Amino acid sequence: MKTPEASKVSKSIFTFVIGFIILFVGIGLNKIFGLVDFGVIITFFGFFVCVSGLLIYTFAVIKSWFS
């Protein structure tokens, strides 16, 4: 079992953090400013980016197990 590639891990963590920030910006737009439609769209986009970062990390770790 090798360690996962550092570039993929750092890219996935960075993507996760950016998605998490976008997620909270969408929630803030929704709750604080009352922009419900725009806030929901931003929240879903942030959730998608956050989950894609986790998937990249997961596949990097699984790939390292089998190489």
**OP:** Taking only the stretch 10-26 into account, find how many residues are touching a Cys at 6+ places or on another chain (Cβ under 9 Å), surrounded by 14 or more Cβ atoms within 10 Å (Cβ to Cβ) and aliphatic (A, V, I, L, M).
**Re:** 3
Original post:
Within the set of pairs 6 or more residues apart or between chains, which connect a residue that is within 17 Å of Ala60 (Cβ to Cβ) inside the stretch 12-24 to a residue that is open to solvent by less than 80 Å² (accessible area, probe 1.4 Å) and polar (S, T, N, Q) with Cβ atoms less than 8 Å apart?
Top reply: Thr15/Ser52; Gly19/Ser52
**OP:** State whether the residues of the stretch 16-23 include one that is over 15 Å from the mean Cα position of the chain (by Cα) and either part of a helix (DSSP H, G or I) or hydroxyl-bearing (Ser, Thr, Tyr) (or both).
**Re:** no
Subject >> Where Ser7 falls short, out of the listed (1) open to solvent by 50 Å² or more (accessible area, probe 1.4 Å); (2) farther than 22 Å from Ile62 by Cβ; (3) among the hydroxyl-bearing types (Ser, Thr, Tyr) >> reply: (2)
**OP:** Look through the stretch 27-65, keep the residues that are in a loop (DSSP other than H, G, I, E, B) and open to solvent by less than 100 Å² (accessible area, probe 1.4 Å), and return whichever of them is nearest to Lys8 (Cα to Cα).
**Re:** Leu35
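The values are calculated or read from the model by the stated rules, or taken from the named source; none is laboratory data. These figures come from a predicted structure and were not determined experimentally. Heads up, the Cβs are rebuilt from the backbone with ideal geometry, glycines too, and the neighbour counts pull from every protein chain shown. Surface accessibility is based on the protein's heavy atoms, side chains included, excluding ligands, DNA and RNA. Shrake-Rupley method; radii C 1.70, N 1.55, O 1.52, S 1.80 Å.
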